[in-house]
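Have a look at the structure below, then the notes.
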Amino acid sequence: MLDLRRLRLLRELKIRGTLAGVAEALAYSPSAVSQQLALLEKEAGAVLLQKVGRRVQLTPQAEILVEHTGHLLERLERAEAEMTASLTTVSGTVRVAVFQSAAHAVIPRALTILGHSYPHLRVEITEREPEVGLFEVSARDFDLVIAEQYPGHTRPHRADLDRMPLATDALRLAVPLFTSAGSIHSLADAETLPWVMEPADTAARQWATQLCRSAGFEPDVRFETADLMAHIRLIESGNAVGILPDLVWSGGSPSVNLVELPGRPERTVFTATRRSSADRPSVRAVRVALESAVAAAAVPHLTEPRSDAQRPARTSPGCG
């Protein structure tokens, strides 16, 4: 009989590409991973790995085992979900990967809801970029991910993941309260100003850059950070302009002027979990709590842009 734990190591190697990657993900040493895979080869009676340069590559026989291992893990996860669904208490641990603005806006409120309703449930939160989080849920590093998708940017659809929409989040140009004579009424008005944006390899940055180019200019990006709280501080202080999602205000009052963008774009926020664990009571509970937290974080007074008469006219050092 083939050992399922060793089969999972083989599948992890397929997913992560290197023995070191498997060892890091599962808290093993690389030598221990190699030893277990060598034992699996003996059990299988076939060569499963072959060296290609400094790396190892799976043989066709290993690929067959990997495919069946995926099905076995899914069946086990479904069995666990059905078993826990028969219990009267929602408990266990749910590991959640979340991008930063969602972590600020909805996670604290969702945890409070869960703490009141399910005191035996443990929820662990780790910040991850959406693309990484989706991969790591598929790889079983996390149980649930909160991810985002920008207009015109579609993330790869993984067949093993169950996606559920969580919110649509308006995107607006954010400028300091005290801009010169309230002179910024459109994206084009921000052409000559310093910008703060997310890192270059993110979907948010790519989308924002293309939006500026469609308005006829290349943004002068002087500040680059994934921390949207830093974006807010730079804009508040008059040192930059940027594009912010409504979710960052989390039901509070914006501390900057917000200007509508062409077409009134929105990003989509969604959750994803493995299909085999979507029916776990603990995962369902976390999803419901997140929905409640998003509803409470709505910013109803942002449905209409502020009029020119509401915009202060004092000047600001950086963007005036």
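The values are calculated or read from the model by the stated rules, or taken from the named source; none is laboratory data. All figures in this text were calculated on a predicted structure; none of them were measured in a lab. Cβ placement follows ideal geometry from the backbone for every residue including glycine, while neighbour counts extend to all protein chains displayed. Accessible surface areas use protein heavy atoms only, side chains included; no ligands, DNA or RNA. Shrake-Rupley method; radii C 1.70, N 1.55, O 1.52, S 1.80 Å.
Number of residues in region 252-275 that are open to solvent by 10 Å² or more (accessible area, probe 1.4 Å) and in contact with a helix residue (DSSP H, G or I) (Cβ under 6 Å, 6 or more places away or on another chain): the value is 1. Every condition in (1) surrounded by 13 or more Cβ atoms within 10 Å (Cβ to Cβ); (2) outside any loop (DSSP other than H, G, I, E, B) is met by residue 46 except one, and the failing one is (2). The numbered conditions (1) out of contact with any Leu (no Cβ under 9 Å at 6 or more places or on another chain); (2) part of a helix (DSSP H, G or I) are all true for residue 69 except (1).
Do you know which residues across region 85-104 are among the polar types (S, T, N, Q) and within 16 Å of residue 270 (Cα to Cα)?
100, 101
Going by the conditions given, is residue 148 surrounded by 20 or more Cβ atoms within 10 Å (Cβ to Cβ), within 27 Å of residue 241 (Cβ to Cβ) and at pLDDT 90 or above? Yes, satisfied.
Residues in region 73-113 that are assigned to a helix (DSSP H, G or I) and open to solvent by less than 50 Å² (accessible area, probe 1.4 Å): 73, 77, 81, 84, 100, 101, 102, 103, 105, 107, 110. Filter region 142-152 down to the residues that are assigned to a loop (DSSP other than H, G, I, E, B) and either within 15 Å of residue 280 (Cβ to Cβ) or within 14 Å of the chain's Cα centre (by Cα) (or both) and list them by number. Those that are assigned to a loop (DSSP other than H, G, I, E, B) and either within 15 Å of residue 280 (Cβ to Cβ) or within 14 Å of the chain's Cα centre (by Cα) (or both): 142, 143, 150.
Tell me, please, whether a residue that is under 26 Å from the mean Cα position of the chain (by Cα), in a helix (DSSP H, G or I), surrounded by fewer than 20 Cβ atoms within 10 Å (Cβ to Cβ) and of a type outside the set (D, E, K, R) can be found in region 50-64. Looking through region 50-64, none of the residues is under 26 Å from the mean Cα position of the chain (by Cα), in a helix (DSSP H, G or I), surrounded by fewer than 20 Cβ atoms within 10 Å (Cβ to Cβ) and of a type outside the set (D, E, K, R).
Yes/no per residue for (1) polar (S, T, N, Q); (2) at pLDDT below 95; (3) farther than 30 Å from residue 88 by Cβ:
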site	(1), (2), (3)
211	no, no, yes
220	no, no, yes
231	no, no, yes
267	no, yes, yes
276	yes, yes, no
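With a requirement of 2 or more residues that are farther than 30 Å from residue 289 by Cα and open to solvent by 50 Å² or more (accessible area, probe 1.4 Å), the strands (runs of 3 or more DSSP E) lying completely within region 153-249 that satisfy it span 220-224.
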